[in-house]
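Remarks on the structure that follows.
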Amino acid sequence: MTEQERPPQPSFGRQARTLLSRLQNLRTPHAPDAPALSLRDPWPGDPSRGARLVKSELEFGGAILAMTPEIFAAANATRLLRAHAHGFTWLRDLRALGTDAARSRARALVSDFMDTHRLDPVAQAPDVAGARLAAWLGHYDFFAASADDDFRQRLMGRLVQDARSLSAALPAEFTDGRALTALKGLAAAAIAMPEHAPYLPRVLKFLPPELGRQFFTDGCHVERSPAAHLAALQDLTELRALLQAAGQTPPSELLATVERAAAAMRALRHADGGLALFNGSKEELASLIDLVLAQAGRARGVLAPLAHCGLFRVAAGKSVLFMDAGTPAPPGLDRFAHAGTLSFEFSFGKERLIANCGAAPTMASEWSAALRGTAAHSTLTIADVSSSEVQKTGLGRRPENVNVSRQDFGGVSWIEANHDGWSKLFGAVHHRRLGLAENGEELLGEDLIEAATPQPFTIRFHLHPNVIASLQQDNEAVLLRTPSGLGFRLRAEGAPIRIEESVYFGQSEPRRAEQIVLAGHQDGPQHVKWSITRI
C-alpha cells in the first residue's frame, strides 16, 4: 500500500466501533430475503465496456484490469483502478449490454467477491464500500432477483455486514469527495433494508457538515477538479433521490448545495458540452453531464462565477476561455492536483483549440505523473521544473501565493494573475495576463518572469488533436486550422516559435497532438507577448 492509499490513523472511537462491527459480523447476520425497496442506478452504462467485462476485461480511464477470481484479493494496479473494481459501479456496463451472458457474468463476479476470504484492503475503504452497496442495491433486479436462493441469501447477508462496517467507519477518514460516496452507500442500505433504518440518522448527522467542507460558496468542489466535481454532484443527486424515495425530506443544506454545484458544473464545461481539463479531468461524455444536470434540476442555465475555487471562465462571442488562477488544493484534497497553475484552455464554438493534456490517474505508468507536470499544461515552465512538486500523495512544494484580478476595459475582459511556485528554487514569480476581446475572436496574452536572475523558460500551447498547425513562412506565426475550416493565427514577440509533438489524454484513448512552443533563454527577454486571432 502506497502513502497515497493509506488514510490517516483512525481515532479511538472509530477503532472501537469498527471492532464492535467485526464482532457482530462474526454472527450469522439477520438479513432480509430481498430489498424492501427497489432501487435503480440512475446512470447509463457503456455496452462496449460490458462486452469487455464478459470477456473478463475491466476498462476504466484508459487502464485495463483482468477480472479473474483472484483480482479481489490483490491486483497490480493503482488505488483508483482497484477501488473501481471493488466498487462494482461497472455493473451498469453489464446492464447496458443486457444479455444473458452479461447477467451471468455479473452474478459470477459478485460471487467471486463474496468467496474471497482475504480481500484487498481497498475493498473495505468507506468510499469503496459505499459505492458497492449502492451498486449492488441499484442493480439487484438485474443480476440477483432471478438468482437461486443461496446466492440471494449470501448477497443480502453481505450487504448487511458491509452496511454495519461502513456505519462504524463514519465519518470517513478521507476528507475529499470519497466521503460523499460513503454516505450515499449507507443511505442506500438504510433505505432498501428498513430494519437497518437506524443507519439513516448517521447519514443525516454527518451530511450537512460534510457539504460545508466539500464545496466552496460558489458551488465548486474543493478538489478544484471538474471530474471530481461531476462525481460529487452525481453522489449528491443520488442521495437526494434516495431520501425522497424513503419519504424523507432532504436537508435544506443538501438542496442548496445541489443547486449551487449544478451551476458550477455548467460553468466548468466548454461549448462542446465536455469538461475543462484541469486537475485530473477528461472531457467526459456530454450526454452524461447533461443527464446529471437534468437530475440536479434547479437553476437551469445558471452559471456560477467560480471566483472562490480559482477556475476562471470568460465567455465572449463564440469563445470560451478557462484559466486556473487559484491556489492548488491543500494536502488531503490534492489527490488529483496537477502542477498547472496559470494554465489555460481556449475554445471557439464547439471546437477546442488550446487545451491541457488531460490525465491518466488510473494508469500505473510514467504517463500518470508526466501528465500532472507543468509541461503538460498550456502555461509557462521555468528551467523544465514544474511549478508544484508532483508526488504520489498529491503535491509537495507548491505555490503559496496566487494573486488574481479580473477587469474589463477597452472591449477586452482581462484576467491578471501571478504565482510564486518557483520562488524557493529560483527566486522567481510568474506573471500572466490574458484578455479576450468582446467579439471572442482575439485572445491576447502576456507572460513575464520577475526574478533577480534571468531564467530559461518555455511557454507551451498544447493543441487539441483535431487542430492542424503550420508555421508560416516568416516563422513568426503559426496558422491553426480546425475541422470545420476555421482559421486562427498565433503570433508572439519576445521568443521564437516552433511546433513540437504532444499527446492528448482528454478522451477515452490517448491521441497524438501538437504543441506550439515559445522558448526563452537567460540572456534573452523575460517578457513575452502573444495573441491568437481568428482569420
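Every number in this text was worked out from the coordinates using simple rules, so none of it is lab data. Just so you know, these numbers come straight off a predicted model, no measurement behind them. Using ideal geometry, Cβ is built from the backbone for each residue, glycine included, and neighbour counts are taken over all protein chains shown.
Summary table below
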read-out: Over the chain, relative contact order from alpha-carbon pairs under 8 Å, at least 6 apart, %; value: 10
read-out: Cβ-isolated cysteines (cut-off 4.7 Å), the chain; value: Cys357
read-out: Förster-model FRET efficiency, 45 Å R0, Ala452 and Lys350, C-beta, rounded to 0.05; value: 0.50
read-out: Label-to-label distance, nm, for residues given as Leu119 and Leu255 (7 Å Cα→Cβ offset); value: 3.6
read-out: In order through segment 426-438: 3J(HN,Hα) via Karplus (6.51 cos²θ - 1.76 cosθ + 1.60), integer Hz, x for Gly, Pro; value: 10, x, 10, 10, 9, 10, 9, 10, 10, x, 10, 5, 5
read-out: Dipole magnitude of segment 215-303 about its Cα centre (Cβ charges: Lys, Arg +1; Asp, Glu -1), debye to nearest 20; value: 180
read-out: Loop sites in segment 242-324: trypsin sites (Lys or Arg not before Pro), DSSP, at most 13 other Cβ within 10 Å; value: Arg298, Arg300
read-out: Dimensions (Å) - segment 32-166, Cα atoms, principal axes, largest first; value: 38, 32, 25
read-out: Helix 149-169 vs. the chain, principal-axis angle (Cα, 0 to 90°, nearest 10); value: 60
read-out: Label-to-label distance, nm, for residues given as Glu501 and Glu438 (7 Å Cα→Cβ offset); value: 4.6
read-out: Charge dipole magnitude, Cβ of K and R +1, D and E -1 - the chain, Cα centre, debye nearest 20; value: 1080
read-out: Nearest-0.05 FRET efficiency for Asp112 and His30, computed from C-beta distance (R0 25 Å); value: 0.50
read-out: Extension gain from Arg512 to Asn403, taking 0.36 nm per residue of separation minus the Cα-Cα distance; value: 35.8 nm
read-out: Residue among Leu275, Pro226, Thr249 farthest towards the positive dipole end of segment 215-303, charges placed on Cβ; value: Thr249
read-out: Residue-by-residue Karplus 3J(HN,Hα) for segment 496-501, coefficients 6.51, -1.76, 1.60, Hz, glycine and proline x; value: x, 10, 9, 10, 10, 6
read-out: Vicinal HN-Hα couplings computed from phi for segment 398-405 (Karplus, 6.51 cos²θ - 1.76 cosθ + 1.60; Hz; Gly/Pro x); value: 7, x, 8, 10, 10, 9, 8, 9
read-out: Listed residue (Ile354, Leu180, Phe457) projecting farthest to the positive dipole end of the chain, Cβ model; value: Leu180
read-out: Residue order, fewest to most beta carbons within 10 Å, for Phe461, Phe72; value: Phe72, Phe461
read-out: Percentage of interatomic Cα-Cα distances in segment 215-303 larger than 16 Å; value: 49
read-out: Loop-located GluC sites (Glu not before Pro) in segment 373-445, at most 14 other Cβ atoms within 10 Å (DSSP); value: Glu400, Glu438
read-out: Amide proton proximity set for Glu284, modelled H, under 5 Å, gap of 5+; value: Leu275
read-out: Using alpha carbons only: equivalent-ellipsoid semi-axes of segment 149-261, gyration tensor based, whole Å; value: 26, 15, 12
read-out: Residue order, fewest to most beta carbons within 10 Å, for Ser368, Ser56, Ser484; value: Ser484, Ser56, Ser368
read-out: Shape of segment 414-471, Cα gyration tensor, a/c cut at 1.5; value: oblate
read-out: Distance from segment 59-115 to segment 159-231 (C-alpha centre basis), Å; value: 23
read-out: Amide hydrogen neighbours beyond the local backbone of Asp420, cut-off 5 Å, H modeled; value: Glu400, Asn401
read-out: Residues in segment 95-124 that a label on Ala364 would reach, taking backbone N under 15 Å of a point 7 Å out along Cα→Cβ; value: 120-123
read-out: Cα principal axis extents for the chain, largest first, Å; value: 77, 47, 42
read-out: Approximate shape of segment 311-534 as ellipsoid semi-axes (Cα gyration tensor, √5λ), whole Å, largest first; value: 25, 21, 18
read-out: Gyration tensor (alpha-carbon) shape descriptor, segment 148-193, a/c threshold 1.5; value: prolate
read-out: Residues Thr249, Thr482, sorted so that the one with the fewest Cβ neighbours within 10 Å comes first; value: Thr249, Thr482
